[in-house]
1. Consider residue 157 against the criteria (1) within 16 Å of ligand 2 (Cβ to nearest atom); (2) open to solvent by 10 Å² or more (accessible area, probe 1.4 Å): it satisfies all of them except one. Which criterion is unmet?
2. Which of the residues that make up segment 53-78 are more than 16 Å from ligand 1 (Cβ to nearest atom) and either more than 15 Å from residue 17 (Cβ to Cβ) or open to solvent by 20 Å² or more (accessible area, probe 1.4 Å) (or both)?
3. Going by the structure shown, is residue 304 open to solvent by 20 Å² or more (accessible area, probe 1.4 Å) and either closer than 29 Å to residue 32 by Cα or within 16 Å of ligand 2 (Cβ to nearest atom) (or both)?
4. What residue, among those in segment 14-40 that are more than 16 Å from ligand 1 (Cβ to nearest atom) and buried (at least 16 other Cβ atoms within 10 Å of the Cβ), is nearest to residue 151 (Cα to Cα)?
5. Could you identify the single residue in 335, 371 that is surrounded by fewer than 22 Cβ atoms within 10 Å (Cβ to Cβ), at pLDDT 95 or above and either touching a Pro at 6+ places or on another chain (Cβ under 9 Å) or closer than 24 Å to residue 239 by Cβ (or both)?
6. Under the condition of being open to solvent by 30 Å² or more (accessible area, probe 1.4 Å) and of a type outside the set (A, V, I, L, M), which residue from segment 343-363 is nearest to ligand 2 (Cβ to nearest atom)?
7. Please work out which one of (1) within 26 Å of the chain's Cα centre (by Cα); (2) buried (at least 16 other Cβ atoms within 10 Å of the Cβ) is the condition residue 310 fails and give its number.
8. Of the residues that make up segment 291-304, is at least one in contact with a Phe, Trp or Tyr (Cβ under 9 Å, 6 or more places away or on another chain) and polar (S, T, N, Q)?
Amino acid sequence: MSTFNTYSFAGKRAIVRVDFNVPMDKTTGKVADDKRIRAALPTIQHILQGGGSVVLLSHFGRPKNGPEAIFSLRQITAKVSELIGTEVHFAADCIGPEAFELSKNLQPGQVLLLENVRFYPEETNGDTSFAQKLAQHGDCYVNDAFGAAHRAHASTTQLAAYFANDKMAGLLMNAEIENAKKVLLHAERPFTAIVGGAKVSDKILIVENLLNLANHIIIGGGMAYTFFKAMGGQIGASLCEQDRLSTCLDILEKAKVKGVQIHLPVDAIAADRFAADAQTQIAASNDISEGWMGLDIGPKAIENFKTVLLQSKTILWNGPMGVFEMPAFENGTKSIALAVAEATQKGAFSLIGGGDSAAAVQQFDLSAQVSYVSTGGGALLEYFEGKVLPGVEALEA
Ligand code: 3PG
Ligand code: MG
């Protein structure tokens, strides 16, 4: 493995695997959130300033059967050019004669964006001969795609093998790992993890692992109601995973044994239907009327959670407290975001998991008031589940 900061890029073509899997605005056809592109800029600029050229390689969405216009990276080329501040050339295929011609002729300071690598099923299959073809695009390999580091795909793992002495993590990848390790390995105590989102089943592994790491676990979002149901509560029409009731009891029991405090939202904003203009009322989370559903945490839960957060020195947040996309149900997530920001100001280290939590912090304009917002959704989740990320491992091999 090489080290990015000391590697000499002069006269070299660097293949940079980025995660430009950015959300698109369906009405305008433009990039809806350019955070992932911005996050890769320091790596790209460093290579260009060091006299190298850059071949950008990324996936975009989940195309099933080859090329499809809606999954084309061509749509984001203008945005990438604008942010880098230089014209980015586009190759309409990630392998093939035209693409290789373009990368071969790349001059120092130039940038080429290759078409969606997932237009080939060989990518997700981790095909080595496909990786070997991709390797022909450059002299070194930089992986900056933390958001895709949990995927054992050709461009995130196999490709590294073709650059034994010229493979390295980029600046974003390094920053992501460093910030995650601050929490995973060196958390100052008390360490509070906030876990939210709709389903217990999506978060079991992280909660299990957090039982070994955290002092407090705050549980919010739809997943909380399966816990209340498991404890014998009435949850009306709230989300519930019947097949996870025993899992919830098991988690509560393990927490007791390990001395980890689990905090559930004692009250809820209940709605008579899943709609932005639904009728609402505050209800105890274990006493929700038939036909009503909890769509956000209530005022008492907010106060309880806030108290815990303001005493914490390390905070990890993964998953929203309610349906924050609808104004009527955003208050819980917003209040928790504000409490995390306040705790951070008081000296806590706060790491916000990507995906929904990152979107929430951004929606409330608090991204700059927390310590670090990850560009990884699934990748950060898996890292905190205790898994090895194949994309990171491949660089170290
Ligand atoms: C993501 O947004 O989760 C990453 O870009 C990985 O994409 P994937 O979940 O489609 O593998
Ligand atoms: Mg994903």
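The values are calculated or read from the model by the stated rules, or taken from the named source; none is laboratory data. For clarity, every value in this text was computed on a predicted model and none was experimentally measured. Cβ sites come from the backbone with ideal geometry, for glycine too, and all protein chains shown count toward neighbours. In case anyone asks, the SASA skips ligands and DNA or RNA and just uses the protein heavy atoms, side chains included. Shrake-Rupley method; radii C 1.70, N 1.55, O 1.52, S 1.80 Å.
1. Only one criterion is unmet by residue 157, namely (1).
2. Hits for segment 53-78 are 53, 66, 67, 69, 74, 77, 78.
3. No; evaluated as a whole, the condition is false for this residue.
4. 15
5. On the way: 371 fails: either touching a Pro at 6+ places or on another chain (Cβ under 9 Å) or closer than 24 Å to residue 239 by Cβ (or both).
Criteria check complete, one pass: 335.
6. Out of the qualifying residues, it is 355.
7. Evaluating residue 310 over (1) within 26 Å of the chain's Cα centre (by Cα); (2) buried (at least 16 other Cβ atoms within 10 Å of the Cβ) leaves (2) as the failure.
8. No: segment 291-304 contains no residue that is in contact with a Phe, Trp or Tyr (Cβ under 9 Å, 6 or more places away or on another chain) and polar (S, T, N, Q).
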